[in-house]
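What follows is calculated from the coordinates using simple rules that are stated; it is not laboratory data. Computed from a predicted structure; not experimentally measured. Virtual Cβ from ideal backbone geometry, glycine too; neighbours counted across all protein chains shown.
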Amino acid sequence: MAGLAGEAWRCGVDGTPDHEPVDTRRFPSSWRLTFRYDEEGTVELAGREEVPMVAPGSPGLIRSDGGDYSGSWVELQDQQGRVLFDYVLHDPFRRLLAVHYPPGPANQVVLGPPRRGEFTVVVPVMPEATTVVVWSSPLELERRGEAAREVGRFPLPSGSRGTMDQ
Amino acid sequence: MSTSDGTVGTATKVVDNGPGGRRWDLVLMGDGYRRGELSKFHDDVERFWAEVLKPTPPFDQLWPAINVHRVDVTSAQSGADMPCNGEGPFRTFFDASYCDPIWGPGASEWLLTVNEPLAKQVAGGAVPAWNVAMVLVNAEAYGGSGAPLVAAASAGSVKLIGLHELGHSAFGLADEYDSPVPIPTSGEPAQPNVTRNTDRATNKWRDLVKATTPMPTSCNDGCANCRPPTHVPPPDVVGTYEGALYERCGLYRPVPDCYMRANQVFCPVCARAIHRVLQAYLP
């Protein structure tokens, strides 16, 4: 295989003239969203705080339109389900214990036990965004590479001023 | 072993490039520093931002986008637990531990973790608009962890660990190394710096690949599905080099080496991802 067929590939990204990244500076406040998960990978939105801060830009838009990608990310959707913003995450469920040790004999990668935990994401308060969606590949070792599926969908209020609810 | 084993002191903005919330606010906290060792913590913080972060591309160019805050957290005892070697428990504020059994029997002596919810709580209390929190652990042994929170031993390894783990925690970058035990991945990874796609027309970093660079750019021995290039490209050009994200075969990284694989500067693809995150904070 010299490469995957282009027509089968929804290429993510960066540098493509038809898909410019969101300039988060347009949005003066952000949601700091805290997601909590259990051993089964069930996700709940545990905290939502509107903070007067600019959100980080997306490291690489993945144009997440339907689960062609593996891994994890969060995205903001509008009322029609259009993706407005996404942010890729590295192992937010903390199952992969990858130890980076180039000075040593080898890197180590093992799969940890299912556990409870939480992760936090900062996303812009976009007036059109009505929903935050969490995507993730299955957490089991043998299924980690499968396409991500929606594992959580939570409504967002229209942001206006600082609020905090836990 | 708990918050009774230390105190949270003052927060100091040690790099002030603009108002909080309009810059990327990095919060550095310490664990395993006794009150009498706060000056060492201050030195470790200074060393990290001045000698590690600031001079490292692309952070050197993006430096006006970054604020750095230091939170003086003291612990009753120095160091970090290492239960796999019978060391500890030590009474430290964030419970820093190598090979903590909560991560299972596979947790190595290089995996250094802290109480993440507590660290986030302290970071948020000190700097409400914080972006990334990092705990420098007053320990000598190599170790660290990332995503969602960065922990790193403050000894000489902090450069390598800190930059790599920031790559995960703040910029969504994937590991570019393979693993002795492959972790199977069948789909296209969402992370910006690893791919299965060697097609120059659709590869996710195709705009950084020169027309003369073969795709794939290198293949590992024994990987049946990678067609080796007919000519060797110049060193370090952006392409698709086989071996990434814990697999020797079928997954590709942009250059031979990078902080996300080993110990070289961030490659142009990783640097672009970092730039995309931070450009919103440039004055």
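Brief remarks follow.
- By the rule of a C-alpha distance below 16 Å, with chain neighbours fewer than 8 residues away ignored, the aspartates and glutamates paired with B:LYS13 are B:ASP25, B:ASP43, B:ASP44, B:GLU46, B:ASP72.
- Comparing B:SER78, B:SER97, B:SER39 in a Gaussian network model of chain B where C-alpha atoms under 10 Å apart are linked, the largest mean-square fluctuation is found at B:SER39.
- Fluctuation leader among B:GLY88, B:GLY20, B:GLY222 - chain B, Gaussian network, Cα springs under 10 angstrom: B:GLY222
- Nearest-ten-degree value, helix B:158-171 long axis tilted from longest Cα axis of chain B: 70 degrees
- Database remark: amide H of B:VAL73 closer than 5 angstrom to the amide H of B:GLY9, B:GLY30 (H placed geometrically; neighbours at sequence offset of 5 or more, or on other chains; Pro and chain starts carry no H).
- Within the straight-line cut-off of under 30 Å between alpha carbons, the lysines reachable from B:LYS204 are B:LYS54, B:LYS159, sequence neighbours fewer than 8 places apart in one chain being disregarded.
- Put simply, the Cα atoms of the stretch B:3-171 extend 45, 29, 25 Å along their principal axes, the longest span coming first.
- Each residue, A:GLU150 and B:GLN61, gets one label point 7 Å from its Cα in the Cβ direction; the gap between the two is 3.8 nm.
- Cysteines without a disulfide-compatible neighbour (Cβ-Cβ under 4.7 Å), chain B: B:CYS270
- Sorting B:LEU163, A:LEU141 by the number of Cβ atoms found within 10 Å of their own Cβ, with the fewest placed first, yields A:LEU141, B:LEU163.
- Those GluC sites (Glu not before Pro) in the stretch B:43-133 that DSSP places in a loop and that have at most 13 other beta carbons within 10 Å: none
- C-alpha long axis of helix B:268-278 to longest principal axis of chain B, angle in °: 40 degrees
- Share of pairwise Cα separations in the protein assembly as shown, more than 30 Å, in percent: 41 percent
- For the stretch B:3-171, the relative contact order works out to 25 percent when only alpha carbon pairs closer than 8 Å and six or more residues apart are counted.
- For chain B, the C-alpha radius of gyration divided by 2.2 N^0.38 Å, with N the number of residues, is 1.07.
- Sequence of B:THR10, B:THR202 once ranked by neighbouring C-beta atoms within 10 Å, starting from the fewest: B:THR10, B:THR202
- Choice from B:ALA151, B:ALA123, B:ALA141 showing the highest fluctuation, given a GNM over chain B with Cα pairs closer than 10 Å: B:ALA141
- Amide H partners (placed H, <5 Å) of B:ILE66, local residues excluded: B:TRP24
- Residues whose placed amide H lies under 5 Å from that of B:ARG248, excluding near-sequence neighbours: B:SER179
- D (Stokes-Einstein, µm²/s), Kirkwood Cα radius, the stretch B:175-262, 0.692 mPa s at 37 °C: 256 µm²/s
- Among the GluC sites (Glu not before Pro) found in the stretch A:85-159, those both in a DSSP coil and sparsely packed, with 13 or fewer other Cβ atoms within 10 Å of their Cβ, are A:GLU128, A:GLU140.
- A simple rule links phi to the HN-Hα coupling: the Karplus curve 6.51 cos²θ - 1.76 cosθ + 1.60 with θ = phi - 60°, which for the stretch A:127-138 gives x, 7, 6, 10, 9, 10, 10, 9, 10, 7, 5, x Hz, with x for Gly and Pro.
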